[in-house]
Structures are given as C-alpha cells and as structure tokens.
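Peer 1: Structure incoming, see below.
The values are calculated or read from the model by the stated rules, or taken from the named source; none is laboratory data. Predicted model only: the values in this text are computed from it and were never measured. Glycine gets a Cβ as well: all are built from the backbone with ideal geometry, and neighbour counts include every protein chain shown. Each accessible area value is taken on the protein alone, full model and side chains, heavy atoms only, with ligands, DNA and RNA left out. Shrake-Rupley method; radii C 1.70, N 1.55, O 1.52, S 1.80 Å.
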Amino acid sequence: QVENVKLLDRYTNRKAANGTLYLTATHLIYVDASAEVRKETWILHHHIATVEKLPLTTAGYPLLIHCKNFHMAHFVIGQERDCHEVYTSLLKLSQPVKPEELYAFSYNPKMSKENREIGWKLIDLKVDYQRMGIPNDYWEITDVNKDYEVCNTYPPEIVVPKAANKAVVIGSSRFRSRGRIPVLSYLYKENNAAICRCSQPLSGFSARCLEDEQMLQAIREANPGSPFMYVVDTRPKLNAMANRAAGKGYENEDNYDNIRFKFIGIENIHVMRNSLQKLLEVCETKSPSMSDFLTGLENSGWLRHIKAVMDAGVFLAKAVKDEKASVLVHCSDGWDRTAQVCSLASLLLDPFYRTFKGFMILIEKEWIAMGHKFSHRCGHLDGDPKEVSPVFTQFVECVWQLMQQFPCTFEFNERFLLEIHDHVYSCQFGNFLGTCHKEREDLKIFEKTHSLWPFLLQKKQELRNPLYRGFTAYKELQPNTLPFSFQFWCGMYNRFDKGMHPKQCVLDHLLSCVSQKMKLEDNASELE
Amino acid sequence: SPFSVLGEIVVNEVNFVRKCIATDTSQYDLWGKLVCTNFKISFITDDPMPLQKFHYKNLLLGEHDVPLTCIEQIVTVNDTKRKQKVLGPNQKLKFNPTELIIYCKDFRIVRFRFDEAGPESAKKVCLAIAHYSQPTDLQLLFAFEYVGEIYHNPAKKVNGIDPGGGGGGGIGSASGQQTPLFETYSDWDREIKRTGASEWRVCSVNEGYMISTCLPEYFVVPSSLADQDLKLYSYSFIGRRMPLWSWNHPNGSALVRMANIKDVLQQRRIDQRICNAITRSHPLRSDVYKSDLDKCLPSIQEIQAAHIKLKQLCVNEPFEETEEKWLSSLENTHWLEYIRSFLKHSAELVYMMECKHVSVVLQEEEGRDLSCLAASLIQVMLDPYFRTIVGFQSLIQKEWVMAGYQFLDRCNHLKRSDKESPLFLMFLDCVWQLLEQYPAAFEFSEMYLTILYDSARISLFGTFLFNCPHQRVKESTEFAISKNIQLGDEKGLRFPCVWDWSLQFTSRDRLLFHNPLVPCVQNGAVKTFKRSKKNYSSTLRGVPPALKNGIISEQEFLPRRNSLILKLKPDFLQQTESQSNSMEQYFRDWFAKPVDLHGVILPRISGTQIKLWKLCYFRWVPEAQINHGGFITAFHKVSLLADEVDMLNRSLRQYKSNSSLQGSCSELDQSRMYFRANSLNDTSAAPDFLSSSFPFSPVGNLCRRSILGTPLSKFLSGAKIWLSTETLANED
C-alpha cells in the first residue's frame, strides 16, 4: 500500500487525482481520495505489458504502465523508495515464471465442481462437426492423434478425409512442419467444398512425399463437384521461398494433381508486432492534428495488415462458395495466419459463427484446439519477447471491421469482442492458457480452472447487438476490402481514453429501446 | 412522356446509344436513346437495370438522368482518330464523336458510346449538351423557362403543386409546419421572439434594396442603433453590408455577422459604435468577442482546391493505385482537416457565448462566405431547433440564402466562374460529422443531407440559384418584362422552393428524411424538438436595475474582464492563456457530463472522430458499394424497431381507451418510418436492394476508368494544365 499517489489522466490533462495505490496478489488498485465519489482503478497484473520509471518531476517519481488491453496508467509517487518498490513488485507480478502462478489457478468464483464441469462442456466441437454433417461419406472424425503421436500441437480428435488411411496420415505428418497435417477446418455443406489447414511442407528445393500428395488428392476428391483445389500459402512469396533453404517451403504444383497454388502476402508475427507498436504511438499522441493522425496511421501499416488478413478470408470464402473448390491453407507452422484466415472465412460463410455460441465454438476450434500459442503470443509468462505478437487481436479486429460493414449480422456487439480480448490476456480463465491441447491437459486446466464462456453468457444482455436481425437474415457476407473500408478501431486502441469516444453511445440507447419494447410487449400480453 | 416538367423541351436526341457500365467489358452495357432537353440529359432504355429493385425515385429525374446544372465537364472522344476534346460552350467539333463522357458535380461519371448511332445526330446531341449546360446568361437557366410557363399558364402545375407557394415546409404528412423564408418582416420578428432577443429589432431600411443589393430587405440590428445611423455607417462597409444579427443565446449573448469596414479613417469609430450597440443589447452589457474568420479558417480557394483533390481521390484514381497510400492521399486533400477547423472554431465560439456570456461577432471581408458556415454551425450546436428539419431549413434560409451566399457563383451554375467553392457542401459535411457523433440529436437523416446537397444542382428551385435575394428580383423582373409577364405587386417572379419536397419526392419517399433514432431515445413521449426551456436563465433575463443605469457591479464585471476584446489591457497575453485554459476546462466538463440532446452539442475533433462522408462521396462508385451492408442496414433495423415500439404504444393506448373510438384505426396506418415492420419481431431478411449506397444506385455507372490509356481523372477540371498542353496535339 502506497499513499499519496497521483494518477494523471493523459487525455484531459485534468488536475491529477490524489489517492492510494494497493498491490494485491492479482490486481493493482488505485483509490482516488480526492474524488467526491469513491473512484477505483483496477489493473490486473497479467494485463500489464510494461512498467517504466520516468525521470523525476516536481510532483514526484512517475511510473508509466502500459497494458496489453491498451490501457495506460501514469502514476506519480511521492517517495523514490515507494516508487522503486512498486516498480519491482509489478515487474515480478506481471510476468510470472511458472504457469501455476497464473490467476486462473487461484481464481475462485465460488462455483460447484459440477457447474465447473458443465461449464467446460458448454462448447463441444463434435456438435459443430455434426452440424456440418460430419461424419459423412467423405469425412471422418479420427482419434489417430489420441496419444499425440501424429502431432503434439493438434487435439486428439481431428477430421480427415475418409480416403486417407492411417499410413497416409502418418506419412503426410512426416512431410509437414511439426507434423501439422492437413485437417478439416470447415465444410460448406451446400456444395461439399472444404476449408482445410496445415503447416508448410518440408519440400526444400525438390523433396516430395507420396503420402502428402495422396492426402491432398483425398481432400480434393472429397469434393466431387470440383476438378481442382486451391492450396493457399498465406505468407508473402519471398518469405516462403526463403524457407526452402531450411528444408521447408511450399507445394510444387507439378507434384500435386490439379491443385492451384496461390500466395497471399500476410506478413509475419514480427512485422505485426512492430506495426502495432507504431499504431499505439499514434494513439498516444496527445491531440494529434488530422494530418498527424492520418499519416501516422498509414505509416504504422496496421490497417494494411488487417486488410491483408481480410482479403485472404474473402478469397477463401469466394473459392468455396462461388468456385465450389476446396481450399488448403497454410503459413509456416499453421497456427497464426492460418488460424486468422480460416476462422475469418468460416465467419463469412456461416451465420452460425456470428452468434454467441457459434463465435465461442469458432475460437475454441480454430484457435484453442488447433494450437495457437496463446501463452507465447500474449506473453502470459516471462519468456521470449520476440514470440509475442497481436495475431489474435488482428482477428478480433477483422470481426469488428465486419461489424462496421454489416451492423445487423452479428448477435453480439463490440463489448463482447473486447471482453474476449481482455480475457485472452487476463489468464483468469483456463481457456487461453498454454499453447496447445496437450499442454492444457498437462496443466490440468479442466480440473483446476474455469471456462470463460459460461461467464460471458451470463452477461449476454449487455453484450448483445440490438440490431441483430437473426440467424436467417444474412447468409454469406461479402465485405468490401478497398482501403477506405477499413476504419481505425477507437473502441479497442483508445478504449480507455474516454475523451476519444463519441459522446453519445447509440448502443446503450438501442439496448434500452429494445428493453422498452419488451416491456411494452409484456404490458400488451398482460392486457390480452 | 418522361419529360413531364413544365416548359421542358427536347432539344436533340440520338438513338442506338450504349451507356457503358464497365470499361473492359460491354456485356452489361445498356442500349437506349440519349436525349438532351433544356433541363437535363436523359437516357431512355428498355433494358431493365440488372440490380436496382427499389423504387426510390426523384419525380423530376429518371434513373439515368443528369440535370444540366449538375454537369461539370463534357468530353468527346473519337477513338479511331485518337482524338479527344473537352467541349466548352459554343465550340465546334471537327470529328464525329464515338464516345461522350459526362463528369457530374455529384462525383458521377457517365459514359455513352455511339458505335451504332448516326454520327451526325450523335455530334448534334453532344453539341447541344455542351450548349445548354453552359448558358451564357442566368436567364437562360431552365428555372426561368419553367417559371415563365407557370405565369403564362397558371392552371398547369407540375405534380399538382403550386410552385408560387414557396414556403412548403412539411416533408412528412405529420408536420404541417412551413419553413420560414426570412423574406418578410414577420419571419425575423418571430425569430427575435423565439430566441428572446428583446434588445434587438427588425430593421427595414433596406426595403426595395435601397441601401445594399446583397443584403436582405429585412434584417435584425441592435435596438439602440437608429435607421439614420445605420444608413450612414453602411457606406463604410464592403458591399454596404451592415452588421446582421443571427441568433440570441438564452443568456442574452448575440451572434452577429459583419463585413469589414473599408473606410480606414472611420474604421475605429464605426467599429466602436457598433460594438457598443451590441454591448448595450446584452443583458449583462458584456463585451463583444470578435472573430476574424479570414484569419482563422481556410480560405474559399483552399476549400475548392481540397474539394478537387477529394474528387480525384474518391472517384477517379483507380483504387489499386491508392491501395498503399489511401490515408496519406486522403490527408493530402486537406478536406478533413478543414472540416475539423470549422468544427473546432465554431465550438470555441460556442464556448464564448455559452460560458463567457459574450456576444460574438463573426468578421469576414464580405461576410457572406465563411460566416455563413460558421454562423450556421454555431447555431446547430447551440439550438436544438436547428436540428429539426424545419429549423434546419430555416437556418439555411436565414444564414445562406438571405445573407447573400453567392450560390450562383459558388456552385458555378453558369460554368464560367472562377469563384467556385463548395462551402455549402462543407457545411453539410460538418453537420454530418455532428450527426455521426450524435446520431439521435437530429430529426433528419444523412439521406436528407445528401439529397439536399443534390437539390442545389437542380436548376428548377430558386433557393440555390442566385447570389442574393436582390438578384432574383432584378433578373426575374427583367425576364418578366421581356416575356410580357404581368408581375402586379410581386417583387420579381416566384420560383419553386427547394423546401417544397413534394416537387421531388412522394410523401412516402420523404419519410426517408426522418431519423428513426429520434423517437427511440425520446421514449416515444416527445415527438418534436423544443428549445430547451431550462437553458433560459431567468436571472440573466431580468436585468438588475443597477445595470440599467449603466453601473456595473463588481460581480457582473467578471465576464468583462475575461473577454478577449479588451485588447488594450496590458495583461492581455496572460489572459489569452487563462482563456484557453478555461476553454479547455469548459470542454472537459461538458464532455464529462451526460449529453442532453435538447441542449448544446459539441463536436469531438480528434483525428479519429473526423470521418469521410462515404454516402455522399462514394455513392456512385460501384467498387465502393457494400452489398447488403453499410449503415443503411442499421437504419433499416432501427426503423423496424421504432415502428414496433409505435405499434405497441398504439395498441396499448387502444386497450386503455377500451377501443372506444374507431378513429384510432387511421392512426394505425400512419407510420413515421420509411421501412416498416410487417409484424412484431420481424426477423425476415433485410430487403435485397439495401447496399451502402442506398437510396442511390451506382449500378449503371462506370467503374475502372481509363480511356485510350489515359486515366479519366486527367480530363477533370483539376487537371486543366494537362489539357492546355498535351491535348492540343490531339485536338481537332
């Protein structure tokens, strides 16, 4: 506990508040003593990205905290010793070394064991495969990976073509980086075209693998309506070519029957990390001019990267729907760009994924189950900073961009996205811990932690989109991907800057309008 | 006949014309007849439009029609001879055109091909369009033709409406209110009373435009200024434009517009007298804050240059080229930056009136350009009445039409003015920004703003045709004499008024002007905006007796000390600083409070909040369209929601009144919404035709624009240099 701490509000430049800083096991809490109404600022230790000590000012010792959810807090502490203590404690608390120290293992919402188990069973991927009509004549759910022998970053159960027998699966896994073989991500029931995902082939300059070729053939033949299939490498061509020198690379069109190979240049995690950094610098500029903002935004390249991801998603959706062709997608390891692109394409094609439940399934399926390394990308634990990258943030932003273009097509609103984004970093729930299913099993998260989804469903009322027109109103979405269609997402990157938001919140108005309507309906039915 | 407008005659026409939809493929092209009338160019086709299924139509214009006043540039091409020429008025054309490209002021580009058409007729139509769209004289504009016909045949009325009526306020069946035009003494008097400006009076010295030809006949001045003095002072002002009162704040502060004083010797004295008079009209006798708009806002030339760049960017540059640098290209136009500076400056002046309780004088060279925009914007922010449809229209009458905004020159209706500048558009854009930030604070929708902008380029309405009211009287009297029209007591001919929306749209289509969010947030209780009573401070109204004797107590002295006008004070600089601090404080406090939609609204002006008005600038660009998406889908859903709430309220009322009166049945039929709910909880699919461009349709317009390898943008007026050098070789 440190008293006499000032909190500077960087937008309003208001006279600094004076209050007390508390460090608990999980949170940093600042209580504003000067305000008439008790005002508290809570910052979760896991949300803290960086803590910086700034040069001494007349007011005291400044401490600048940047959070992963783009919150920024600027404290000024009276005593140097206090400041240093807070600083070192925060450094330790914000970057635990052992997974057991993560909040999820101590978080106790006073829920019964049964309810916790029910919570974990809320999302069942098998139900989603059933919804797609799997198993069917062409696809089956196999437990070939039950002991993680094929691939230790895949879940035990995967969906592969029926025609691909175990030998093909095993053979193909030896030819794919980290054994991440082609598996089904989404089946478009209307025409049997499928979206599949994998990692890059270990082709080098000339290597080939018969089983891998058979695997692709099996995928293509699982869609009898199309004579060819696409193989999409989401990396820029140069990056993919460079990988060949390391014995990896991309598919040679001559070796595979009837494939159409295509590069979609989405940049790698390092470029994205730097881009976000530049974007945040623009956001932090105090009262930028129009020109500062526009050029800064452009130079960050952020919206260009978002567009690249969206373009790839649109390409996939079009290939499946319009060309009726199956698509196999990969990047390097097939857990970053591939996850973004596959989940986006599903979202464009299938209105189910635009509901609460569907969106949860989508994240469980394409991100959590398929081994997106949340722990590394979000920096949950003290680790290599070069592994951190806003891959999931970009996906969430793509969804938001779609909401802007199609305001009535999502059951949930922006706050739902922000909640999820917060909890990806908060480590309060087990869902996003670790890097893959196997690791989560080892951590015993299903026994020791809670699942996020039931908690979000409880808050459904405030997270719903009052403009939603229902499940059947819109099928496929065809977003416009010209550069001017992409907007800066103030609600995410300047979320904690109250001064940057539109004054009037239409969402609240509409939500109240809807509840007013429901009240009237109740009145009317009572009278009847 | 498609040419239903009275006085409209076909000048020339050509058959077997192809309207191009795309440049690379002709399979979607439409075949038809291209007609040039004295009002518009028209393309009449039997081919149904492939996609357009909705029936939102302008009663004066067909789907493919372009009013002549909307044409910006006409380019003729002969691709076999590789010749191209921009057609000015009275020019010859030495080749037979195979192609005609029309650039419109609303950012549309239409292109016709004459491969199968008679070469001579094609040429004649092109020349006719060039001739009729670039008249040598104001009286040659179609509106005169039309009005002449009306006066000769009073029985004929277009669409059954008497164009002489002028007022025409109501746009929906519900509102029978008329838009005050401020042509009469009584309109001004009512505005004085509405705003409680008791120390101001209507002045009629300019009756018959005896003093100034660019001022209205009636305007409002401080009560303490006598007509005799005003006449005397008027000589010192540019254009004899005496100070014009615009509006009064409930706290007694006035908004006044004033031209510069050209007489250097008299400058100080007259300025002092005017300011004293304004001070005397303030209940607190507080000082006057002067804002020199020429110094703190972009000039009309800069705004025009920004507009040209914006047009290039939005319409002409192939999007592939701007892919990487869209944001910096947008920045390079400066358009948003200028929008921001108008919003910012207006908000600062709102602060002066609202918080410092001082009267504000907008000073500008002639006082009829930037002042129109600033004065209206300040009033939109301060007075909720101007956020209603009738109020907004009256604002445009008061601050633009009557105040002598030079619509003729600034809109360049005669296409020969170097004074063109899109100030009016910039105003609408600024209002759109406010609407975007306060979606429930306005009675009207962005469709209304866009259609209003379009209406300024239909040469039928007198509203946006002239440089000032006197010009209408003068020109139309001359015209009447030449056409043997008996004017009687009337001052000039009466042209149809743009506020007579029934001339352009059916009552059902006019429902689209309404913002469906408004009833939602008002809980269905209040249907109309009212000037918030609680803003009126009765303590300020009732002037303490001490003040009346000219003695100002210490307490009342405070606002004086803080005002900026006291330039003579030595601590002026220090004051400016504390001024700007207290201004920041005011904005901070205002933004910290919940917004009162019936009170003041202030704009957010950070870079993230100023946006490009896509509906207005992108609606004709096929590539920019979002099918089944865009803001309109939200508008649609909100309309249904509001309609359902209305329905429920109505049926509840019926239950309560025990369905005693059958009269409520007719009420049930009335919906304020353009989109209606079929039933409660209507979850059916949104109509297929909804796209981000609705109610406009880019279908049938050109995409991928280049011709003979030259990007079409090169032909635009923004690239005149190119035309004078490079084309000469190609020209006939």
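Peer 1: Which residues, taken from the range A:473-493, are within 7 Å of chain B (Cβ to nearest Cβ) and closer than 30 Å to residue A:109 by Cα?
Peer 2: none
Peer 1: Which residue is surrounded by the fewest Cβ atoms within 10 Å (Cβ to Cβ), if the candidates are limited to the range A:175-206 and must be under 20 Å from the mean Cα position of the chain (by Cα) and among the aliphatic types (A, V, I, L, M)?
Peer 2: A:184
Peer 1: Taking residue A:438 and the conditions (1) open to solvent by 30 Å² or more (accessible area, probe 1.4 Å); (2) not assigned by the TED database to the domain that holds residue A:123, which numbered condition does it fall short on, given that it satisfies the others?
Peer 2: Going through the list (1) open to solvent by 30 Å² or more (accessible area, probe 1.4 Å); (2) not assigned by the TED database to the domain that holds residue A:123, residue A:438 breaks only (2).
Peer 1: To continue, here is another question. Restricting attention to the range B:423-441, which residues are assigned to a loop (DSSP other than H, G, I, E, B) and either without any contact (Cβ under 8 Å) to a residue 40 or more places away in the chain or open to solvent by less than 20 Å² (accessible area, probe 1.4 Å) (or both)?
Peer 2: Listed by number, the residues that qualify are B:438, B:440, B:441.
Peer 1: Another one. With respect to residue A:243, determine if the residue is more than 14 Å from chain B (Cβ to nearest Cβ), surrounded by fewer than 22 Cβ atoms within 10 Å (Cβ to Cβ), within 28 Å of the chain's Cα centre (by Cα) and farther than 26 Å from residue B:326 by Cα.
Peer 2: So residue A:243 fits the description; yes.
Peer 1: Just one of the numbered conditions (1) more than 10 Å from chain B (Cβ to nearest Cβ); (2) in a helix (DSSP H, G or I) is not true of residue A:519; which one?
Peer 2: Of (1) more than 10 Å from chain B (Cβ to nearest Cβ); (2) in a helix (DSSP H, G or I), only one is false for residue A:519: (1).
Peer 1: If residue A:496 passes every condition in (1) in contact with a strand residue (DSSP E or B) (Cβ under 9 Å, 6 or more places away or on another chain); (2) open to solvent by 30 Å² or more (accessible area, probe 1.4 Å); (3) facing chain B (nearest Cβ under 9 Å) but one, which one does it miss?
Peer 2: (3)
Peer 1: Could I ask something else about it? Being touching a residue at least 60 places away in the same chain (Cβ under 8 Å) and facing chain A (nearest Cβ under 9 Å) is the filter here, so list the residues in the range B:622-634 that pass it.
Peer 2: Within the range B:622-634, B:623, B:624, B:625, B:626, B:627, B:628, B:629, B:630, B:631 qualify.
Peer 1: Just one of B:508, B:472 is modelled with pLDDT under 90, among the charged types (D, E, K, R), outside any loop (DSSP other than H, G, I, E, B) and closer than 26 Å to residue B:60 by Cβ; which is it?
Peer 2: Among B:508, B:472, only B:508 is modelled with pLDDT under 90, among the charged types (D, E, K, R), outside any loop (DSSP other than H, G, I, E, B) and closer than 26 Å to residue B:60 by Cβ.
Peer 1: Let me ask something else about it. Are any residues in the range A:460-472 surrounded by fewer than 18 Cβ atoms within 10 Å (Cβ to Cβ) and facing chain B (nearest Cβ under 9 Å), and if so, which ones?
Peer 2: Listed by number, the residues that qualify are A:470, A:471, A:472.
Yes/no per residue for (1) surrounded by fewer than 20 Cβ atoms within 10 Å (Cβ to Cβ); (2) closer than 19 Å to residue B:329 by Cα:
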| site | (1), (2) |
| --- | --- |
| A:284 | yes, no |
| A:299 | yes, yes |
| A:322 | yes, no |
| A:326 | no, no |
| A:338 | no, no |
| A:349 | no, no |
| A:355 | yes, no |
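Peer 1: If residue A:314 meets every condition in (1) of a type in the set (Val, Ile, Thr); (2) open to solvent by 10 Å² or more (accessible area, probe 1.4 Å); (3) over 22 Å from residue A:489 (Cβ atoms) apart from one, which number is that one?
Peer 2: Against the list (1) of a type in the set (Val, Ile, Thr); (2) open to solvent by 10 Å² or more (accessible area, probe 1.4 Å); (3) over 22 Å from residue A:489 (Cβ atoms), residue A:314 comes up short only on (3).
Peer 1: Say whether the condition of being farther than 30 Å from residue A:360 by Cα, among the β-branched types (Val, Ile, Thr) and touching a His at 6+ places or on another chain (Cβ under 8 Å) is met by at least one residue in the range A:24-46.
Peer 2: no
Peer 1: Cβ-Cβ distance below 6 Å, separation of 6 or more or different chains: which pairs start in the range B:78-99 with a residue that is surrounded by fewer than 17 Cβ atoms within 10 Å (Cβ to Cβ) and end on one that is not in a strand (DSSP E or B)?
Peer 2: Final answer for the pair search is B:79/B:98; B:81/B:95; B:89/B:134; B:94/B:732.
Peer 1: Still on this structure, please answer the following. Which of the residues belonging to the range B:299-330 are within 12 Å of chain A (Cβ to nearest Cβ) and at pLDDT 95 or above?
Peer 2: The one that is within 12 Å of chain A (Cβ to nearest Cβ) and at pLDDT 95 or above: B:306.
Peer 1: Let me ask something else. Among the residues of the range B:51-74, is there at least one that is crowded, with 21+ Cβ neighbours inside 10 Å, farther than 26 Å from residue B:5 by Cα and either free of Cβ contacts under 8 Å to residues at least 40 places away in the same chain or not basic (Lys, Arg) (or both)?
Peer 2: Scanning the range B:51-74, I find no residue that is crowded, with 21+ Cβ neighbours inside 10 Å, farther than 26 Å from residue B:5 by Cα and either free of Cβ contacts under 8 Å to residues at least 40 places away in the same chain or not basic (Lys, Arg) (or both), so the answer is no.
Peer 1: Next up: Scan the range B:591-610 for residues that are more than 8 Å from chain A (Cβ to nearest Cβ) and either touching a strand residue (DSSP E or B) at 6+ places or on another chain (Cβ under 9 Å) or closer than 20 Å to residue B:445 by Cβ (or both) and report the count.
Peer 2: Final tally of qualifying residues: 2.
Peer 1: Quick one: which helices (runs of 4 or more DSSP H) lie wholly within the range A:247-354 and hold at least 1 residues that are within 14 Å of chain B (Cβ to nearest Cβ) and of a type in the set (Asp, Glu)?
Peer 2: A:269-284, A:290-300, A:302-321
Peer 1: Based on this model, can you work out whether residue A:278 counts as at pLDDT 95 or above, on the phi > 0 side of the Ramachandran plot and not small (Gly, Ala, Ser)?
Peer 2: Considered against the rule, which asks whether it is at pLDDT 95 or above, on the phi > 0 side of the Ramachandran plot and not small (Gly, Ala, Ser), residue A:278 comes out as no.
Peer 1: Still on this structure, please answer the following. For residue A:388, are the conditions met, namely being among the β-branched types (Val, Ile, Thr), open to solvent by less than 10 Å² (accessible area, probe 1.4 Å) and under 28 Å from residue A:152 (Cβ atoms)?
Peer 2: No, not satisfied.
Peer 1: Further question on the same structure: So is residue A:80 more than 14 Å from every other protein chain (Cβ to nearest Cβ), surrounded by fewer than 18 Cβ atoms within 10 Å (Cβ to Cβ), at pLDDT below 90 and farther than 28 Å from residue A:282 by Cβ or not?
Peer 2: yes
Peer 1: OK, next. Checking the structure you have, find out if any residue of the range A:448-457 is of a type in the set (D, E, K, R) and either open to solvent by less than 20 Å² (accessible area, probe 1.4 Å) or at pLDDT 90 or above (or both).
Peer 2: Looking for residues that are of a type in the set (D, E, K, R) and either open to solvent by less than 20 Å² (accessible area, probe 1.4 Å) or at pLDDT 90 or above (or both), one finds at least one in the range A:448-457, hence yes.
Peer 1: Checking residue A:435 against (1) more than 14 Å from chain B (Cβ to nearest Cβ); (2) not in a loop (DSSP other than H, G, I, E, B), only one condition comes out false. Which one?
Peer 2: That leaves (2) as the condition not met.
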